[in-house]
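Below is one structure, written out as structure tokens, with a few remarks after it.
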Amino acid sequence: MVEEKHDTEDKDSTQNNDIDLENLDINEVERVEEPVLVQKEIEDIASIELVKRLKIGWNLGNTLDATGGSGLGTETSWGNPITTKEMIDLVKERGFNVLRVPTTWEKHLGSGPDYTVDEAWLDRVQEVVNYGIKNDMYVILNMHHEEWHFPSYDNEEKAKDILTRVWKQIADRFENYDECLIFEGMNEPRMKGTEVEWNGGNDEGWDVVNKLNAAFVETIREAGGNNPKRHLMIPTYAASSDPRSWQKFEIPEDDKVIVSLHAYTPYNFALNEQGTDVWSLSNSNDTGEVDRLMSNIDRMFISKGIPVILGEFGARDKNNIESRASWAEYYIKKASEIGVPCVWWDNGAFFGNGELFGVLDRRKLTWAHEDIVVALMRGLE
């Protein structure tokens, strides 16, 4: 069984510094020259071909997905600094060609029935997306810490209503973007607080996630501009890499749909704070868990022509840089062998008792864990 993580919401674990986050002015951030307004021709290719162009990615975690504060202040509410183009330039220069932009929308919506997205928030999200687009990166934009998409029959209609209304607005804003912008419908949709939250789900959860995924795809396909040809990511229940959650997973008949999975594997090494801090290439038990993960993905999806992106992976810092680097290289090597791009979860956290997945020091604009980045890139060779 592969156990899953939930995204860290521990703002206190982010690196401390002398910058006064409270008084940072977003208007002082260097702006990208202009939003992409003129429609760019979108290449009409299947997702199975597109993912071959995606090498390795980096998550802008605990930032636009943060839920503290209000208005544009949510971006820094979990302790990370305002995102700048210089940060994303550095990510691209280091070899990452995929930028995932986790984004929480629910704190920036008007009331029903319209659920209008705050214009200033949509502008800011677009600006950050443009940091990646201007760097010739593939950008994944999602819905992240949304409380309203609890996948139960009682909540299904409400979830579907908000999901489709908000995604229609996002699709309209980005309708002129080409294949370099990918939409991801939901992040880890699951029955939070229940016994099936992280153990693969149940019939009800699987069914509702399937229906929400279908509604998302239909909404984007009916939108204007390039959206009928946009590449879309849809998650399994909880974006789980536990094969039990795949039993009744439904994929729309659409050649521009990608399966979204998350896998912090082996759990006891990569995520469990009380687990081991040792991972060794010479230990078949250690390598075996990664091997089984990739074998399962290959058997269920890749071998059938269904593309997959591992939108989150990583190993938390336990003062074990050598083991983490060895694991990172092996993980990427095995994923690359089956053609699955991976996106490192970087939440900007380096100190404290939280989930410490930071590799880029966004304040100093340096790589705090260069050994891991080197290992990731070596895994691609």
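I need a count of the residues in the stretch 129-158 that are touching a residue at least 60 places away in the same chain (Cβ under 8 Å) and either closer than 24 Å to Ile88 by Cβ or in a loop (DSSP other than H, G, I, E, B) (or both). So that I can check it myself, show each step before the final result.
Within the stretch 129-158, the subset touching a residue at least 60 places away in the same chain (Cβ under 8 Å) is 130-131, 133-134, 138, 140, 142, 144-145, 149, 151.
The next check asks that each one be either closer than 24 Å to Ile88 by Cβ or in a loop (DSSP other than H, G, I, E, B) (or both); those that pass are 130-131, 133-134, 138, 140, 142, 144-145, 151.
Total satisfying the criteria: 10.
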(Q) Based on this model, can you work out whether Gly358 counts as crowded, with 21+ Cβ neighbours inside 10 Å, assigned to a loop (DSSP other than H, G, I, E, B) and in contact with a strand residue (DSSP E or B) (Cβ under 9 Å, 6 or more places away or on another chain)? (A) yes
Q.
Contact list please: Cβ distance under 7 Å, first residue in the stretch 316-337 and assigned to a helix (DSSP H, G or I), second residue of a type in the set (Lys, Arg), pairs at least six apart or on different chains.
A. Glu329/Arg378
Q. Restricting the stretch 193-222 to residues that are in a loop (DSSP other than H, G, I, E, B) and touching a Phe, Trp or Tyr at 6+ places or on another chain (Cβ under 8 Å), which is surrounded by the most Cβ atoms within 10 Å (Cβ to Cβ)?
A. Gly201
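Test Val38 against the criterion of being at pLDDT 55 or above, closer than 21 Å to Val340 by Cβ and β-branched (Val, Ile, Thr), and give yes or no. Break it down stepwise before answering.
Values: at pLDDT 55 or above: yes; closer than 21 Å to Val340 by Cβ: no; β-branched (Val, Ile, Thr): yes.
Taking the combined requirement at face value, the residue does not satisfy it.
Somewhere in the stretch 286-308, is a residue more than 29 Å from Arg53 (Cα to Cα), surrounded by fewer than 24 Cβ atoms within 10 Å (Cβ to Cβ) and in contact with a helix residue (DSSP H, G or I) (Cβ under 9 Å, 6 or more places away or on another chain)?
Start the filter on the stretch 286-308 by keeping residues that are more than 29 Å from Arg53 (Cα to Cα), which leaves 286.
Imposing the further condition that a residue be surrounded by fewer than 24 Cβ atoms within 10 Å (Cβ to Cβ) reduces the set to 286.
Cutting the leftovers down to in contact with a helix residue (DSSP H, G or I) (Cβ under 9 Å, 6 or more places away or on another chain) gives us 286.
For the stretch 286-308, residues more than 29 Å from Arg53 (Cα to Cα), surrounded by fewer than 24 Cβ atoms within 10 Å (Cβ to Cβ) and in contact with a helix residue (DSSP H, G or I) (Cβ under 9 Å, 6 or more places away or on another chain): present.
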Q | Qualifying positions in the stretch 119-159 - under 17 Å from the mean Cα position of the chain (by Cα) and among the hydrophobic types (A, V, I, L, M, F, W, C) | A | Val125, Val128, Val129, Ile133, Met137, Val139, Ile140, Leu141, Met143
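Would you call Arg190 in contact (Cβ under 8 Å) with a residue 24 or more places away in the chain, in a loop (DSSP other than H, G, I, E, B) and over 22 Å from Val51 (Cβ atoms)? I'd like the intermediate steps shown before the answer.
Values: in contact (Cβ under 8 Å) with a residue 24 or more places away in the chain: yes; in a loop (DSSP other than H, G, I, E, B): yes; over 22 Å from Val51 (Cβ atoms): yes.
Taking the combined requirement at face value, the residue satisfies it.
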Q: Filter the stretch 82-102 for residues that are in contact with a Ser or Thr (Cβ under 9 Å, 6 or more places away or on another chain) and either outside any strand (DSSP E or B) or among the charged types (D, E, K, R) (or both) and give the result.
A: Ile82, Thr83, Leu90, Pro102
Q: Inspect all residues belonging to the stretch 219-238 and state whether any of them is on the phi > 0 side of the Ramachandran plot, over 17 Å from the mean Cα position of the chain (by Cα) and not polar (S, T, N, Q).
A: yes
(Q) Looking only at the stretch 76-103, filter to residues that are buried (at least 19 other Cβ atoms within 10 Å of the Cβ) and hydroxyl-bearing (Ser, Thr, Tyr); which one of those is farthest from Leu360 (Cα to Cα)? (A) Thr103
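Yes/no matrix, rows are residues, columns are (1) touching a His at 6+ places or on another chain (Cβ under 6 Å); (2) in contact (Cβ under 8 Å) with a residue 60 or more places away in the chain:
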| site | (1), (2) |
| --- | --- |
| Cys180 | no, no |
| Glu184 | no, yes |
| Met233 | no, yes |
| Ala239 | yes, yes |
| Val257 | no, yes |
| Tyr267 | no, yes |
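The values are calculated or read from the model by the stated rules, or taken from the named source; none is laboratory data. Since the model is a prediction, treat every value here as computed from it, not as a measurement. FYI the Cβ positions are ideal-geometry reconstructions off the backbone, even for glycines, and counts take in every protein chain you see.
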